[in-house]
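The block underneath contains the structure these notes are about, expressed in structure tokens.
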Protein chains: 2
Amino acid sequence: MTGARLFFKCENLQKTGSFKFRGATNAVFSLSDDEAKRGVVTQSSGNHAGAIALAARRRGIPAWIVMPSTAPRAKRQAVESYGGRVTECEHTVASRDAACNALQEKTGAILIHPYNNAQVIAGQGTAALEFLEDVPDLDVIVTPVSGGGLLSGTSIAAKSLRPQIRVVGAEPKNADDAYRSLASGKLEPAAKAETIADGLRATLCPLTFSILRERVDEIALVTEEEILSAMRLLWERLKLIVEPSGAVSAAIAIHKKFPVDGKRIGIILSGGNLDLDQIPFVRAPK
Amino acid sequence: MTGARLFFKCENLQKTGSFKFRGATNAVFSLSDDEAKRGVVTQSSGNHAGAIALAARRRGIPAWIVMPSTAPRAKRQAVESYGGRVTECEHTVASRDAACNALQEKTGAILIHPYNNAQVIAGQGTAALEFLEDVPDLDVIVTPVSGGGLLSGTSIAAKSLRPQIRVVGAEPKNADDAYRSLASGKLEPAAKAETIADGLRATLCPLTFSILRERVDEIALVTEEEILSAMRLLWERLKLIVEPSGAVSAAIAIHKKFPVDGKRIGIILSGGNLDLDQIPFVRAPK
């Protein structure tokens with residue numbers, strides 16, 4: 001269909017249903033015993049939340065999770081099923097930060113930010129590490145970009161193992177702050193971020209921005225319709241449930257938003273957690 | 001959730017999206033060159049059709065496929081994409097048989113019946129063979145039952161490798177002819193077969209009935225709602241697209257329609273081909 005050979009790293013099949021368990025596990029298990037016993041706190045629209053909750057449970061420490069009230073039901077349920085203690089906040093950065101700060105002050109728990117954290121970024125990079133072990137001769141590796149943790153870890157791991165590899169980030173047109181930031185060379189403010197890809201509404205931080213500037217070759221954008229049609233195609237042909245955010249990386253290849261012809265392209269399908277009721281399907285591309 | 005340990009054989013990830021490719025391949029490649037060059041013909045609501053079309057293409061011979069006009073769009077498209085030549089018929093056994101006979105007379109092609117065929121049954125049995133190689137100590141193995149080809153092959157392979165294994169068939173309550181036939185000891189006529197499990201509307205034939213009588217321990221029944229809620233659970237938790245017919249075997253375990261507690265249960269998820277537009281989801285069980 002694309003003229004390329006596509007390989008998929010199925011992080012939708014990862015524990016907790018997304019790559020986030022890699023970074024969360026690395027960060028939670030990197031804490032000293034003294035730090036860990038105070039517990040951890042984080043803010044997340046969903047997948048990092050579930051990942052931190054399970055990583056904390058595995059270490060036997062409490063986890064407080066700040067989630068926006070708009071987070072998908074399935075993601076909130078997952079957090080609770082892993083023993084995470086959920087605090088709801090408004091869907092704004094200010095509201096998230098305030099709730100997080102209040103919890104830290106009250107409990108003394110350590111903040112594990114979803115991407116502004118070197119241990120988290122290192123953990124996320126293990127997906128690319130495994131991917132290149134399985135398929136060493138990839139020409140391109142693609143991940144979605146939101147806060148930039150996965151793309152940062154991927155670019156560090158992939159360019160270290162294979163300097164000639166092209167690292168491409170995939171972003172919804174409706175949440176294109178990484179695209180604009182890399183284009184202008186400075187951190188641009190968030191877009192309105194009204195996208196079906198609920199995991200991709202965060203914005204870069206100075207740490208991830210500096211990594212992406214140095215190591216990412218390109219950010220490509222897709223429309224909402226292209227995200228949904230790619231997701232549907234993955235469901236129908238791969239028989240894999242991939243969430244909208246996870247399908248964005250496939251969407252830029254399927255819809256040829258960067259040069260794909262004849263290439264061996266590694267696509268990280270970042271997660272598979274969603275509310276099935278919320279998916280307004282459009283038709284798959286012919 | 002069930003008190004059992006569940007293992008899944010993911011035939012939704014099989015070539016052509018269902019186990020049917022096993023039997024079709026074995027049957028098509030068992031033909032002599034003289035037989036094969038006349039081509040093959042079959043009748044099927046979908047998955048056997050696609051499987052025969054691809055097996056025939058791999059052998060380089062033509063395939064004529066009789067499909068009811070009610071077959072899912074996705075299944076018909078698959079047949080055509082594999083080069084199968086589709087003839088539409090009414091959704092009755094008589095109409096299917098008539099169309100099939102007419103094609104045989106006209107072309108001289110060999111009929112490969114979807115289950116009344118020893119090579120097909122032998123091929124289907126290879127799923128259980130692989131399953132028991134992967135998980136040798138299963139207490140129970142479950143497959144859906146329609147015409148009985150998969151369950152026949154499964155029961156022969158499984159009981160031969162592991163005589164103490166319990167072989168259970170799963171059938172929609174709305175298409176319960178296998179259940180009634182094993183209960184009465186004679187081939188019972190078809191039910192109305194109004195079930196979302198479009199692949200399970202066929203009825204046993206004397207060959208499959210005789211195998212099931214000898215080797216199957218139990219047939220268990222599930223309602224339409226139980227099929228859909230099990231399917232939804234598979235989508236949400238396994239992140240795997242399983243079609244309604246394929247979810248019936250999981251449904252009898254999830255809804256505990258036979259003794260499951262403490263057992264190691266092998267479930268064959270038979271296929272993953274469906275029209276996404278046609279799925280009226282009910283809520284997953286808590």
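A few comments on the model shown:
- Chain A and chain B together bury an accessible surface of about 1500 square angstrom, both sides counted, with a 1.4 Å probe and no ligands or nucleic acids included.
- Overall form of the stretch B:20-111 per C-alpha gyration tensor (a/c, 1.5; a/b vs b/c): oblate
- Here the label points at B:SER160 and B:ARG5, each 7 Å from Cα along the C-beta direction, are separated by 2.7 nm in the simple model.
- If you plug the beta carbon distance of A:LEU129 and B:ALA102 into 1/(1 + (r/R0)^6) with R0 = 35 Å, you get a FRET efficiency near 0.05.
- Each of A:ALA27, A:LEU103, A:ALA74 was scored by the projection of its Cα onto the charge dipole of the stretch A:20-111, and the greatest displacement toward the positive side belongs to A:ALA74; charges sit on the C-beta of Lys, Arg, Asp and Glu.
- The fraction of accessible area contributed by carbon and sulfur in the stretch A:1-111 is 48 percent, rounded to a whole number (1.4 Å probe; ligands and nucleic acids excluded).
- Two-site FRET efficiency, A:LEU111 against A:ARG58, from Cβ-Cβ distance with R₀ of 22 Å, rounded to 0.05: 0.70
- Accessible surface, per residue, of the stretch A:20-111 when the full set of protein chains is kept, probe 1.4 Å, Å²: 44 Å²
- Using a 7 Å projection from Cα along Cα-to-Cβ, the label point at B:GLU88 is separated from the same position in the remaining copies by 5.0 nm, smallest value first.
- A simple count of charges around B:LYS9, restricted to other residues whose Cβ falls under 12 Å of its Cβ and scoring Lys, Arg +1 and Asp, Glu -1, yields -3.
- Charge context of A:PRO136, other residues only, Cβ under 11 angstrom, K/R +1, D/E -1: -1
- Protein heavy-atom surface of the stretch A:150-190, 1.4 angstrom probe: 54% of the accessible area is carbon and sulfur, with nucleic acids and ligands not counted.
- The largest accessible area among A:THR223, B:THR195 belongs to the first residue in A:THR223, B:THR195, and the rest follow in falling order (1.4 Å probe, all chains).
- Prolate/oblate/rounded label for the stretch A:80-148 (Cα gyration tensor, a/c 1.5): prolate
- Look at the alpha carbon pairs under 8 Å that are at least 6 residues apart: their mean separation over the length of the stretch B:1-120 gives a relative contact order of 28 percent.
- Averaged over the residues of A:239-247, the number of partner chain Cβ atoms lying within 10 Å of the residue Cβ comes to 4.
- Database remark: amide H of B:ASP275 closer than 5 angstrom to the amide H of B:ALA74 (H placed geometrically; neighbours at sequence offset of 5 or more, or on other chains; Pro and chain starts carry no H).
- Loop sites in the stretch B:179-286: chymotrypsin sites (Phe, Trp or Tyr not before Pro), DSSP, at most 13 other Cβ within 10 Å: B:PHE281
- Zone residues, the stretch A:62-89, relative to A:LEU276, backbone N less than 15 Å from point 7 Å out along Cα-to-Cβ: A:73-75
- Cα shape, chain B, gyration tensor, a/c 1.5 rule: prolate
- 3J(HN,Hα) along the stretch B:192-205: 5, 6, 8, 9, 4, 7, 4, x, 10, 9, 6, 10, 4, 10 Hz, from the Karplus curve 6.51 cos²θ - 1.76 cosθ + 1.60 with θ = phi - 60°, whole Hz, x for Gly and Pro.
- Summarising the amide proton neighbourhood of B:ILE219: residues at separation of 5 or more, or on other chains, whose placed amide H is nearer than 5 Å comprise B:GLY169.
- Whole-percent P(r), the protein assembly as shown, all Cα pairs, 10 Å bins from 0: 4, 17, 24, 23, 17, 11, 4, 1, 0.
- Rounded FRET efficiency, nearest 0.05, which uses the C-beta distance separating B:ASP34 from A:SER32 and R0 of 56 Å: 0.15
- DSSP assigns beta bridges within the protein assembly as shown; of those with both partners inside it, close to 5 percent run antiparallel.
- Entry note, chain B: relative contact order of 24 percent, from Cα contacts under 8 Å with a spacing of 6+ residues.
- Centre separation in Å (Cα based) which lies between the stretch A:213-286 and the stretch A:68-123: 26 Å
- Ordered from highest to lowest accessible area with the whole protein assembly present and a 1.4 Å probe, B:ASP34, A:ASP275 read as B:ASP34, A:ASP275.
- Taking 19 Å as the cut-off, the amide N atoms of the stretch A:1-34 that come nearer than this to a point 7 Å along the Cα-to-beta-carbon line of B:LYS15 belong to A:1, A:6.
- With 0.36 nm allotted per residue and the present C-alpha distance subtracted, the A:ALA190-A:ARG85 stretch has 35.0 nm of extension available.
The values are calculated or read from the model by the stated rules, or taken from the named source; none is laboratory data. Here the structure is a predicted model, which is why all the values come from computation and not from measurement. Positions of Cβ are generated from backbone atoms using ideal geometry, with glycine treated the same way; all protein chains shown enter the neighbour counts. We work out accessible area using only protein heavy atoms, side chains counted, and drop any ligands, DNA or RNA first. Shrake-Rupley method; radii C 1.70, N 1.55, O 1.52, S 1.80 Å.
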